[in-house]
Amino acid sequence: DVTEGALKGAFLYNFAWFTEWPADVLPQGSPIQACIVGDRAVAAALERIARDRRPAGHPLVVKTTSETALQGCHLVYVAATSARSASAAMSSVAGSPVLTISDVDEFARSGGIAQFVVDRGKMRFRVNLESAKRAQLQLSSRLLSLAELVHE
C-alpha cells in the first residue's frame, strides 16, 4: 500500500523532473530547492525519492518551511491544512519563477500552477498554464498530457 504522502512525494518529484526553469534562475547542475509547507510526510517521501537522483540534471533539496519563508524556493508545495497558508504562499512568491502546487480546493483556478485532486479514488492533478507562463516556467508536454487543464 502506498501512503498519500508517498504518492504526493512521487508526484512532486515528477513535477520537478518535467519543469524547466529559466537558466538564470536555475543554472544547469544547480539544486532545485523544494519547499514543503504543512506536511512533513510529503517532505520525507520526497527526500527518499530524490536521494541519489538528479531530476533533469539537478540535485533536489527538500526543506520544510512556513508559507512566509519561501525565498530561494523553486518548487513550493502547500498542504491543504488551510487555504490561508496557500494564499500567503502565493503572495510570497508572486511574480517569481516558482512552481506552486497544493491540494487546496480551487488552488489552480485561483492562480496556483498545479493542484492535486482525488477523482474516483485516484490521485490526479490540474494545471493552470496561464499561471505557469506568468512564472516563466515551461512544463513538459508529457506532464501536460496527464493533466486536467484549468483556467482562472
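The values are calculated or read from the model by the stated rules, or taken from the named source; none is laboratory data. Because the structure is a prediction, the values reported are computed rather than measured. As a convention, Cβ positions derive from the backbone with ideal geometry for all residues, glycine included, and neighbour counts pool all protein chains shown. Surface accessibility is based on the protein's heavy atoms, side chains included, excluding ligands, DNA and RNA. Shrake-Rupley method; radii C 1.70, N 1.55, O 1.52, S 1.80 Å.
Annotations
- With every protein chain in place, the chain: carbon and sulfur % of accessible area (1.4 Å): 49 percent
- Based on protein heavy atoms only, the chain ends up with 51 Å² per residue of surface accessible to a 1.4 Å probe.
- Dipole axis of the chain (+1 Lys, Arg; -1 Asp, Glu on Cβ), positive-most option in 62, 136, 35: 62
- Nearest-10 value in Å² for the accessible area of residue 145, using the 1.4 Å probe: 90 Å²
- When the residues 8, 133 are ordered by accessible surface, computed with a 1.4 Å probe over the protein chains alone, the sequence from largest down reads 133, 8.
- Taking the helices alone, the chain has a mean residue ellipticity at 222 nm of -8500 deg cm²/dmol, built from -39,500 (n - 2.57) per DSSP H run of at least 4 residues and averaged over all its residues.
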